[in-house]
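First the structure, in the form of C-alpha coordinates, and then the observations on it.
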Amino acid sequence: MKRDLTATLTHATSRLAQAESIPSPAELHASLPGTPATFDTILTGRRTLADILDRRDPRWMVVVGPCSIHDPVAALDYAARLRALADELSDTLYVVMRTYFEKPRTTVGWKGLINDPYLDGSCRIAEGMYLARELMLKVNALGLPLAAEALDLFSTPYLGDLVSWTAIGARTTESQPHREMSSGLPTPVGFKNGTDGNVETAIHAMSAAARSHTFLGVDEQGRTAVLRTPGNRHGHLILRGGGGRPNYDSVSVMQAEAVLAKHHLPANIVIDCAHGNSNKQPQRQPLVMADVVNQIEQGNRSIVGVMVESFLEAGSQPVLPERHRMRYGCSITDACIDWTTTETMLRQAHQRLRPIVAERLLESAA
(Lines give C-alpha, C1' and ligand atoms only; values in the text may rest on other atoms or scores of the structure.)
Protein backbone atom coordinates (compact mmCIF):
# COMPACT_ATOMS: atom_id res chain seq x y z
CA MET A 1 0.00 0.00 0.00
CA LYS A 2 2.83 2.40 0.94
CA ARG A 3 4.65 1.54 -2.29
CA ASP A 4 1.51 2.30 -4.32
CA LEU A 5 1.09 5.67 -2.59
CA THR A 6 4.72 6.59 -3.28
CA ALA A 7 4.33 5.65 -6.93
CA THR A 8 1.15 7.75 -7.16
CA LEU A 9 2.85 10.79 -5.62
CA THR A 10 5.87 10.40 -7.88
CA HIS A 11 3.62 10.23 -10.92
CA ALA A 12 1.68 13.28 -9.73
CA THR A 13 4.85 15.39 -9.59
CA SER A 14 6.70 13.88 -12.53
CA ARG A 15 6.13 16.87 -14.81
CA LEU A 16 8.09 19.15 -12.46
CA ALA A 17 11.53 19.03 -14.06
CA GLN A 18 13.34 21.10 -11.45
CA ALA A 19 12.76 23.27 -8.38
CA GLU A 20 15.22 26.09 -7.73
CA SER A 21 15.27 28.20 -4.57
CA ILE A 22 15.64 31.97 -4.83
CA PRO A 23 16.13 34.64 -2.14
CA SER A 24 13.06 35.66 -0.16
CA PRO A 25 11.50 39.10 -0.65
CA ALA A 26 13.05 40.23 2.62
CA GLU A 27 16.49 39.12 1.47
CA LEU A 28 16.15 40.96 -1.83
CA HIS A 29 14.94 44.09 -0.02
CA ALA A 30 17.95 43.90 2.30
CA SER A 31 20.38 43.60 -0.61
CA LEU A 32 18.71 46.44 -2.54
CA PRO A 33 17.17 48.80 0.03
CA GLY A 34 15.55 52.10 -0.81
CA THR A 35 16.55 55.50 0.55
CA PRO A 36 14.28 58.04 2.27
CA ALA A 37 14.23 60.04 -0.99
CA THR A 38 13.22 56.94 -2.93
CA PHE A 39 10.29 56.18 -0.68
CA ASP A 40 9.26 59.83 -0.66
CA THR A 41 8.83 59.55 -4.45
CA ILE A 42 6.78 56.37 -4.05
CA LEU A 43 4.49 57.65 -1.30
CA THR A 44 4.04 61.03 -2.98
CA GLY A 45 3.11 59.19 -6.18
CA ARG A 46 0.52 57.05 -4.43
CA ARG A 47 -1.03 60.02 -2.61
CA THR A 48 -1.12 62.18 -5.72
CA LEU A 49 -2.76 59.50 -7.85
CA ALA A 50 -5.32 58.84 -5.11
CA ASP A 51 -6.01 62.58 -4.97
CA ILE A 52 -6.56 62.66 -8.74
CA LEU A 53 -9.05 59.81 -8.44
CA ASP A 54 -10.77 61.51 -5.50
CA ARG A 55 -10.89 64.83 -7.40
CA ARG A 56 -8.73 66.63 -4.85
CA ASP A 57 -6.11 67.13 -7.58
CA PRO A 58 -7.48 68.30 -10.95
CA ARG A 59 -4.45 67.24 -12.96
CA TRP A 60 -4.44 64.41 -15.48
CA MET A 61 -2.41 61.24 -14.89
CA VAL A 62 -0.23 60.03 -17.77
CA VAL A 63 1.20 56.50 -17.53
CA VAL A 64 3.85 56.38 -20.23
CA GLY A 65 6.81 54.17 -21.10
CA PRO A 66 7.95 51.04 -22.93
CA CYS A 67 5.53 48.20 -23.58
CA SER A 68 7.98 46.08 -21.58
CA ILE A 69 11.52 46.70 -20.39
CA HIS A 70 14.25 44.47 -21.79
CA ASP A 71 17.28 46.78 -21.53
CA PRO A 72 17.76 48.51 -18.13
CA VAL A 73 20.34 50.92 -19.59
CA ALA A 74 17.95 52.20 -22.27
CA ALA A 75 15.10 52.29 -19.74
CA LEU A 76 17.13 54.51 -17.39
CA ASP A 77 18.04 56.76 -20.33
CA TYR A 78 14.33 57.06 -21.12
CA ALA A 79 13.53 57.74 -17.45
CA ALA A 80 15.98 60.64 -17.25
CA ARG A 81 14.36 62.27 -20.31
CA LEU A 82 10.88 61.63 -18.98
CA ARG A 83 11.72 63.15 -15.61
CA ALA A 84 12.73 66.41 -17.26
CA LEU A 85 9.54 66.44 -19.35
CA ALA A 86 7.40 65.57 -16.32
CA ASP A 87 8.80 68.58 -14.44
CA GLU A 88 8.04 70.85 -17.37
CA LEU A 89 4.39 69.72 -17.57
CA SER A 90 3.73 69.13 -13.86
CA ASP A 91 1.19 71.93 -13.39
CA THR A 92 -1.27 70.03 -15.62
CA LEU A 93 -0.03 66.45 -16.13
CA TYR A 94 1.13 64.02 -13.47
CA VAL A 95 3.54 61.69 -15.26
CA VAL A 96 4.18 58.10 -14.11
CA MET A 97 6.69 55.89 -15.90
CA ARG A 98 5.52 52.54 -17.16
CA THR A 99 7.98 49.88 -15.89
CA TYR A 100 6.58 46.53 -16.98
CA PHE A 101 8.85 43.56 -16.30
CA GLU A 102 6.35 40.74 -16.95
CA LYS A 103 4.75 40.16 -20.32
CA PRO A 104 1.51 38.17 -20.65
CA ARG A 105 1.51 36.10 -23.83
CA THR A 106 -1.42 35.01 -25.94
CA THR A 107 0.39 31.72 -26.60
CA VAL A 108 4.18 31.66 -26.07
CA GLY A 109 7.05 34.14 -26.30
CA TRP A 110 9.44 36.16 -24.19
CA LYS A 111 7.85 36.58 -20.76
CA GLY A 112 9.71 39.64 -19.62
CA LEU A 113 12.87 40.82 -17.89
CA ILE A 114 12.12 39.01 -14.64
CA ASN A 115 11.51 35.65 -16.27
CA ASP A 116 14.26 35.80 -18.90
CA PRO A 117 16.61 38.76 -18.31
CA TYR A 118 19.19 37.67 -20.90
CA LEU A 119 16.68 37.08 -23.72
CA ASP A 120 18.08 33.63 -24.36
CA GLY A 121 15.63 31.24 -22.71
CA SER A 122 17.90 30.69 -19.70
CA CYS A 123 15.13 32.01 -17.38
CA ARG A 124 17.43 33.17 -14.59
CA ILE A 125 14.56 34.55 -12.56
CA ALA A 126 16.50 35.41 -9.40
CA GLU A 127 18.82 37.63 -11.47
CA GLY A 128 15.85 39.10 -13.33
CA MET A 129 14.20 40.03 -10.05
CA TYR A 130 17.42 41.69 -8.91
CA LEU A 131 17.79 43.67 -12.16
CA ALA A 132 14.16 44.80 -12.02
CA ARG A 133 14.40 46.03 -8.43
CA GLU A 134 17.72 47.74 -9.12
CA LEU A 135 16.23 49.68 -12.05
CA MET A 136 13.09 50.60 -10.10
CA LEU A 137 15.21 52.05 -7.30
CA LYS A 138 17.20 54.12 -9.78
CA VAL A 139 14.10 55.52 -11.49
CA ASN A 140 12.42 56.35 -8.19
CA ALA A 141 15.66 58.04 -7.11
CA LEU A 142 15.21 60.41 -10.07
CA GLY A 143 11.93 61.50 -8.50
CA LEU A 144 9.80 59.72 -11.10
CA PRO A 145 6.98 57.50 -9.78
CA LEU A 146 6.51 54.07 -11.32
CA ALA A 147 3.67 52.03 -12.79
CA ALA A 148 3.73 48.24 -13.01
CA GLU A 149 1.45 45.46 -14.17
CA ALA A 150 0.73 42.89 -11.45
CA LEU A 151 0.93 39.65 -13.39
CA ASP A 152 2.80 37.02 -11.36
CA LEU A 153 1.30 36.83 -7.88
CA PHE A 154 4.69 35.94 -6.40
CA SER A 155 6.48 39.02 -7.80
CA THR A 156 4.51 41.58 -5.81
CA PRO A 157 6.21 40.91 -2.44
CA TYR A 158 9.57 41.44 -4.16
CA LEU A 159 8.82 44.68 -6.01
CA GLY A 160 5.48 46.06 -4.85
CA ASP A 161 7.01 48.42 -2.29
CA LEU A 162 8.54 50.45 -5.16
CA VAL A 163 5.34 50.93 -7.20
CA SER A 164 3.01 53.96 -7.16
CA TRP A 165 0.34 52.72 -9.63
CA THR A 166 -0.67 49.20 -10.60
CA ALA A 167 -2.47 47.81 -13.64
CA ILE A 168 -4.30 44.53 -13.92
CA GLY A 169 -4.20 43.44 -17.55
CA ALA A 170 -7.01 42.41 -19.85
CA ARG A 171 -6.11 38.73 -19.54
CA THR A 172 -6.01 38.74 -15.72
CA THR A 173 -8.83 41.13 -14.79
CA GLU A 174 -11.18 38.13 -14.55
CA SER A 175 -8.77 36.24 -12.27
CA GLN A 176 -10.01 35.93 -8.70
CA PRO A 177 -6.47 35.72 -7.24
CA HIS A 178 -5.56 39.01 -8.93
CA ARG A 179 -8.69 40.66 -7.58
CA GLU A 180 -7.81 39.43 -4.09
CA MET A 181 -4.24 40.64 -4.41
CA SER A 182 -5.45 44.05 -5.66
CA SER A 183 -7.60 44.42 -2.56
CA GLY A 184 -4.41 44.58 -0.48
CA LEU A 185 -2.16 46.68 -2.71
CA PRO A 186 -1.10 50.07 -1.33
CA THR A 187 -1.45 51.67 -4.78
CA PRO A 188 -4.39 52.75 -6.92
CA VAL A 189 -5.20 49.90 -9.32
CA GLY A 190 -6.45 50.20 -12.88
CA PHE A 191 -8.43 47.25 -14.28
CA LYS A 192 -8.46 46.83 -18.05
CA ASN A 193 -11.55 45.73 -19.93
CA GLY A 194 -11.33 42.22 -21.39
CA THR A 195 -9.64 41.42 -24.69
CA ASP A 196 -13.14 41.02 -26.16
CA GLY A 197 -13.98 44.60 -25.17
CA ASN A 198 -16.23 43.58 -22.28
CA VAL A 199 -16.28 46.34 -19.65
CA GLU A 200 -18.33 44.40 -17.10
CA THR A 201 -15.36 42.12 -16.38
CA ALA A 202 -13.24 45.03 -15.18
CA ILE A 203 -16.09 46.58 -13.23
CA HIS A 204 -16.73 43.30 -11.42
CA ALA A 205 -13.02 43.22 -10.61
CA MET A 206 -13.20 46.75 -9.18
CA SER A 207 -16.15 45.76 -6.98
CA ALA A 208 -14.35 42.64 -5.75
CA ALA A 209 -11.07 44.47 -5.05
CA ALA A 210 -12.86 47.13 -3.04
CA ARG A 211 -13.78 44.50 -0.45
CA SER A 212 -11.63 42.73 2.12
CA HIS A 213 -10.38 39.21 1.39
CA THR A 214 -8.60 36.35 3.10
CA PHE A 215 -6.44 34.09 0.94
CA LEU A 216 -3.19 32.15 0.68
CA GLY A 217 -0.11 34.07 -0.37
CA VAL A 218 3.56 34.63 0.37
CA ASP A 219 4.97 36.77 3.19
CA GLU A 220 8.23 38.74 3.14
CA GLN A 221 10.15 35.70 4.34
CA GLY A 222 8.96 33.72 1.33
CA ARG A 223 6.71 31.48 3.40
CA THR A 224 3.17 30.52 2.55
CA ALA A 225 0.86 32.62 4.70
CA VAL A 226 -2.78 33.51 5.19
CA LEU A 227 -3.16 37.09 3.97
CA ARG A 228 -6.01 39.39 5.04
CA THR A 229 -6.67 42.61 3.15
CA PRO A 230 -8.74 45.73 3.92
CA GLY A 231 -10.00 46.34 0.37
CA ASN A 232 -8.82 48.92 -2.15
CA ARG A 233 -11.18 51.82 -2.85
CA HIS A 234 -8.98 53.31 -5.55
CA GLY A 235 -9.73 50.78 -8.27
CA HIS A 236 -10.61 52.37 -11.61
CA LEU A 237 -11.47 51.37 -15.17
CA ILE A 238 -9.04 51.28 -18.08
CA LEU A 239 -10.58 51.30 -21.55
CA ARG A 240 -8.14 49.60 -23.95
CA GLY A 241 -10.40 48.53 -26.80
CA GLY A 242 -10.99 44.91 -27.75
CA GLY A 243 -12.86 42.53 -29.97
CA GLY A 244 -11.58 44.40 -33.00
CA ARG A 245 -13.08 47.72 -31.85
CA PRO A 246 -11.76 50.81 -30.05
CA ASN A 247 -13.63 52.16 -27.02
CA TYR A 248 -12.05 55.56 -26.39
CA ASP A 249 -14.77 57.52 -28.23
CA SER A 250 -17.32 59.62 -26.36
CA VAL A 251 -20.15 57.12 -26.84
CA SER A 252 -18.07 54.26 -25.41
CA VAL A 253 -16.99 56.45 -22.50
CA MET A 254 -20.61 57.39 -21.72
CA GLN A 255 -21.61 53.73 -21.83
CA ALA A 256 -18.81 52.89 -19.41
CA GLU A 257 -19.92 55.71 -17.11
CA ALA A 258 -23.43 54.25 -17.07
CA VAL A 259 -22.18 50.78 -16.11
CA LEU A 260 -19.99 52.24 -13.35
CA ALA A 261 -22.98 54.16 -11.98
CA LYS A 262 -25.12 51.02 -12.11
CA HIS A 263 -22.58 49.27 -9.87
CA HIS A 264 -22.25 52.31 -7.57
CA LEU A 265 -18.59 52.82 -8.48
CA PRO A 266 -16.79 56.15 -9.01
CA ALA A 267 -16.68 57.38 -12.60
CA ASN A 268 -12.91 57.14 -12.93
CA ILE A 269 -11.73 56.14 -16.41
CA VAL A 270 -8.24 55.90 -17.90
CA ILE A 271 -7.90 55.60 -21.67
CA ASP A 272 -5.19 53.29 -23.02
CA CYS A 273 -4.06 54.92 -26.27
CA ALA A 274 -2.41 51.69 -27.44
CA HIS A 275 -3.65 48.09 -27.83
CA GLY A 276 -7.16 47.81 -29.26
CA ASN A 277 -7.68 51.57 -29.24
CA SER A 278 -4.86 52.07 -31.74
CA ASN A 279 -5.35 48.70 -33.45
CA LYS A 280 -1.74 48.05 -32.31
CA GLN A 281 -0.54 50.73 -34.73
CA PRO A 282 1.57 53.08 -32.61
CA GLN A 283 1.28 56.00 -35.03
CA ARG A 284 -2.43 56.14 -34.09
CA GLN A 285 -1.74 56.82 -30.42
CA PRO A 286 -1.49 60.62 -30.90
CA LEU A 287 -4.89 60.54 -32.64
CA VAL A 288 -6.43 58.71 -29.68
CA MET A 289 -4.86 61.19 -27.26
CA ALA A 290 -6.16 64.16 -29.27
CA ASP A 291 -9.69 62.74 -29.28
CA VAL A 292 -9.61 62.15 -25.53
CA VAL A 293 -8.34 65.68 -24.88
CA ASN A 294 -11.20 66.95 -27.03
CA GLN A 295 -13.66 65.09 -24.80
CA ILE A 296 -12.16 66.81 -21.77
CA GLU A 297 -12.52 70.18 -23.50
CA GLN A 298 -16.16 69.34 -24.22
CA GLY A 299 -16.80 68.89 -20.51
CA ASN A 300 -16.06 65.23 -19.74
CA ARG A 301 -15.11 64.72 -16.07
CA SER A 302 -14.81 60.95 -15.85
CA ILE A 303 -11.59 60.58 -17.84
CA VAL A 304 -8.77 61.01 -15.32
CA GLY A 305 -5.82 60.00 -17.47
CA VAL A 306 -4.26 58.08 -20.33
CA MET A 307 -1.73 55.33 -20.96
CA VAL A 308 0.84 55.58 -23.76
CA GLU A 309 3.34 53.01 -25.06
CA SER A 310 6.52 54.91 -25.80
CA PHE A 311 10.27 54.29 -26.01
CA LEU A 312 13.35 56.00 -27.40
CA GLU A 313 12.92 54.58 -30.90
CA ALA A 314 9.70 53.91 -32.80
CA GLY A 315 8.33 50.48 -33.66
CA SER A 316 9.47 47.08 -32.42
CA GLN A 317 12.18 44.58 -33.26
CA PRO A 318 12.86 40.86 -32.96
CA VAL A 319 15.36 39.47 -30.47
CA LEU A 320 18.57 38.69 -32.34
CA PRO A 321 21.34 36.28 -31.27
CA GLU A 322 23.80 39.08 -32.04
CA ARG A 323 22.64 41.56 -29.41
CA HIS A 324 24.84 44.34 -30.84
CA ARG A 325 22.72 44.33 -33.99
CA MET A 326 19.56 45.21 -32.06
CA ARG A 327 18.33 48.81 -32.04
CA TYR A 328 19.00 50.68 -28.82
CA GLY A 329 15.82 51.87 -27.12
CA CYS A 330 13.44 49.94 -29.38
CA SER A 331 10.75 47.62 -28.01
CA ILE A 332 10.95 43.85 -28.43
CA THR A 333 7.23 43.39 -27.68
CA ASP A 334 4.46 45.79 -28.79
CA ALA A 335 5.52 48.60 -31.09
CA CYS A 336 5.89 52.02 -29.44
CA ILE A 337 6.01 55.65 -30.50
CA ASP A 338 9.43 57.31 -30.32
CA TRP A 339 10.65 59.93 -27.88
CA THR A 340 10.10 62.90 -30.19
CA THR A 341 6.48 61.89 -30.75
CA THR A 342 6.03 61.39 -27.01
CA GLU A 343 7.24 64.91 -26.26
CA THR A 344 4.94 66.36 -28.90
CA MET A 345 1.90 64.42 -27.67
CA LEU A 346 2.33 65.38 -24.05
CA ARG A 347 3.17 69.03 -24.75
CA GLN A 348 0.10 69.41 -26.96
CA ALA A 349 -2.11 67.81 -24.32
CA HIS A 350 -0.57 70.09 -21.69
CA GLN A 351 -1.26 73.20 -23.75
CA ARG A 352 -4.91 72.28 -24.29
CA LEU A 353 -5.63 71.01 -20.78
CA ARG A 354 -3.81 73.68 -18.81
CA PRO A 355 -6.70 76.20 -18.76
CA ILE A 356 -9.13 73.44 -17.77
CA VAL A 357 -6.95 72.36 -14.84
CA ALA A 358 -6.61 76.00 -13.77
CA GLU A 359 -10.40 76.43 -13.92
CA ARG A 360 -10.97 73.32 -11.82
CA LEU A 361 -8.45 74.55 -9.27
CA LEU A 362 -10.49 77.75 -8.91
CA GLU A 363 -13.67 75.70 -8.55
CA SER A 364 -12.20 73.64 -5.73
CA ALA A 365 -10.93 76.75 -3.96
CA ALA A 366 -14.32 78.47 -4.12
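For the reader, a short list of remarks on this structure follows.
- Semi-axes of the equivalent ellipsoid of segment 280-366 are 35, 12, 10 Å, computed as sqrt(5λ) over the eigenvalues of the C-alpha gyration tensor in descending order.
- In order along segment 302-310, phi translates into HN-Hα couplings of 8, 7, 9, x, 9, 10, 9, 9, 8 Hz, rounded to whole numbers, per the Karplus curve 6.51 cos²θ - 1.76 cosθ + 1.60 with θ = phi - 60° and x for Gly and Pro.
- Rounded to two decimals, the Cα radius of gyration of segment 71-110 over 2.2 N^0.38 Å is 1.57.
- Local electrostatic count at F311 - Lys and Arg +1, Asp and Glu -1, tallied over other residues with Cβ under 12 Å: -3
- Here the Debye sum runs over all C-alpha atoms of segment 84-190 as equal scatterers in vacuum, and log10 of I(q)/I(0) at q = 0.13, 0.16, 0.19, 0.21 Å⁻¹ comes out as -0.52, -0.76, -1.02, -1.17.
- The phi torsions of segment 219-230, fed into the Karplus equation with coefficients 6.51, -1.76 and 1.60 and a -60° offset, translate into couplings of 8, 5, 8, x, 9, 5, 9, 8, 9, 10, 10, x Hz, rounded to whole numbers, with Gly and Pro shown as x.
- Eligible aspartates and glutamates near K192 by straight Cα distance, threshold 19 Å, same-chain separation 8 or greater: E102, E149, D152, E174, E180, E200, D249, E257, D272, E309, D334
- The value of relative contact order for segment 188-326, using C-alpha pairs under 8 Å at least six residues apart, is 21 percent.
- Sequence-separation-based contact order of segment 225-290, relative, with Cα cut under 8 Å and 6+ spacing, percent: 36
- Evaluating 6.51 cos²θ - 1.76 cosθ + 1.60 at θ = phi - 60° for every residue in segment 350-362, the Karplus couplings come out as 4, 4, 7, 8, 4, x, 5, 4, 4, 5, 5, 4, 5 Hz, glycine and proline recorded as x.
- Rg over Rh [alpha-carbon atoms, Kirkwood Rh] for the chain: 0.98
- For the chain, the relative contact order comes to 16 percent (Cα pairs under 8 Å, sequence separation of at least 6).
- Rg over Rh for segment 137-288 works out to 0.99, using Cα positions for both radii and the Kirkwood form for Rh.
- Here's the list of aspartates and glutamates a cross-link from K138 could span, going by alpha-carbon distance under 13 Å and ignoring same-chain residues fewer than 8 apart: D77.
- Of all DSSP-defined beta bridges confined to the chain, some 20% are antiparallel rather than parallel.
- Accessible area (Å², per residue) of the chain, counting only protein heavy atoms and a probe of 1.4 Å: 47
The values are calculated or read from the model by the stated rules, or taken from the named source; none is laboratory data. From a predicted model like this one, the values you see are computed outputs, not experimental measurements. Positions of Cβ are generated from backbone atoms using ideal geometry, with glycine treated the same way; all protein chains shown enter the neighbour counts. Areas reflect the complete protein model, heavy atoms only, side chains present, ligands, DNA and RNA absent. Shrake-Rupley method; radii C 1.70, N 1.55, O 1.52, S 1.80 Å.
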